[in-house]
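Asker: Sending over a structure as structure tokens; questions will come in a sec.
The values are calculated or read from the model by the stated rules, or taken from the named source; none is laboratory data. These figures come from a predicted structure and were not determined experimentally. Here the Cβ positions follow ideal geometry from the backbone for every residue, glycine too, while neighbour counts run over all protein chains shown. Accessible surface areas use protein heavy atoms only, side chains included; no ligands, DNA or RNA. Shrake-Rupley method; radii C 1.70, N 1.55, O 1.52, S 1.80 Å.
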Amino acid sequence: MKKLHTYIDELASFIPDLEKRNEGISASSVGWQIEHSLLTIRIVSGGLLASDPSSYSPSFTFKKLLILITGKMPRGKAKAPKIVMPDAFTQESLSKHIDKAKETLEHLQQGQANQFVSHPYFGHINKKETIRFLAIHTLHHLKIIREIVAAEKA
């Protein structure tokens, strides 16, 4: 969970760069990457916290195993669900969303071990797997942001 807090702080540090983009790295801007990451944290966490732990059904998929073990997500291989696709955002809205995401993590920490979210590629993922997934997903987008910002400076 500590990593996720650190990643959110790093996302916040890139808010001034929200307009930057580099089509060679990603079709989306830095702001889009930030907002998408925050939406994912909040929506996935909310889904987990609303779940009934007695309905948890452990599932195995190769994709889940590969990503959770390696800690890496391939680029351009998955399409984000509409619910986590950013609309409009500003520096102010992103800053507020950072605060809400941090609050969400505090609630997530209180969740039960077998509360779960149904992931489109992984099936049911419990609290521990969800926290790991959110860290991997957020880092994936941070790497893209770092590359866009570094390319701008080069």
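Asker: Scan the range 99-112 residue by residue and report those that are assigned to a helix (DSSP H, G or I) and either farther than 15 Å from L4 by Cβ or free of Cβ contacts under 8 Å to residues at least 24 places away in the same chain (or both).
Answerer: Filtering the range 99-112 down to residues assigned to a helix (DSSP H, G or I) leaves 99-109.
Across the range 99-112, the qualifying residues are D99, E103, E106.
Asker: Does K96 meet the test of being basic (K, R), assigned to a helix (DSSP H, G or I) and at pLDDT 95 or above?
Answerer: Numbers: basic (K, R): yes; assigned to a helix (DSSP H, G or I): yes; at pLDDT 95 or above: yes.
In short, yes.
Asker: Condition first: open to solvent by less than 30 Å² (accessible area, probe 1.4 Å), hydroxyl-bearing (S, T, Y) and in contact with a strand residue (DSSP E or B) (Cβ under 8 Å, 6 or more places away or on another chain). Now tell me which residues in the range 82-141 satisfy that.
Answerer: Residue satisfying the conditions is T130 alone.
Asker: Going by what's in this entry, would I67 be described as out of contact with any Pro (no Cβ under 6 Å at 6 or more places or on another chain) and open to solvent by 90 Å² or more (accessible area, probe 1.4 Å)?
Answerer: So I67 fails the test.
Asker: For the range 6-60, how many residues are more than 19 Å from F89 (Cβ to Cβ) and in contact with a Lys or Arg (Cβ under 7 Å, 6 or more places away or on another chain)?
Answerer: Total meeting the criteria: 1.
Asker: Quick test of your reading of the structure: V149 fulfils all but one of (1) β-branched (V, I, T); (2) in a helix (DSSP H, G or I); (3) touching a strand residue (DSSP E or B) at 6+ places or on another chain (Cβ under 8 Å). Name the failing condition by number.
Answerer: (3)
Asker: Only residues that are of a type outside the set (A, V, I, L, M) and outside any helix (DSSP H, G or I): list them for the range 116-132, please.
Answerer: Going residue by residue through the range 116-132, those that are of a type outside the set (A, V, I, L, M) are 116, 118-124, 126-130, 132.
If the condition is that a residue be of a type outside the set (A, V, I, L, M) and outside any helix (DSSP H, G or I), then F116, S118, H119, P120, Y121, F122, G123, H124, N126 are the ones that fit.
Asker: Could you check how many residues of the range 25-64 are exposed (fewer than 13 other Cβ atoms within 10 Å of the Cβ) and closer than 12 Å to V117 by Cα?
Answerer: Selection size over the range 25-64: 5.
Asker: What about F14, is it in contact with a helix residue (DSSP H, G or I) (Cβ under 6 Å, 6 or more places away or on another chain) and not hydroxyl-bearing (S, T, Y)?
Answerer: Details: in contact with a helix residue (DSSP H, G or I) (Cβ under 6 Å, 6 or more places away or on another chain): yes; not hydroxyl-bearing (S, T, Y): yes.
In short, yes.
Asker: Related question: What residue, among those in the range 44-61 that are in contact with a Ser or Thr (Cβ under 9 Å, 6 or more places away or on another chain) and not small (G, A, S), is nearest to H107 (Cα to Cα)?
Answerer: Of everything passing the filter in the range 44-61, L49 is nearest to H107 (Cα to Cα).
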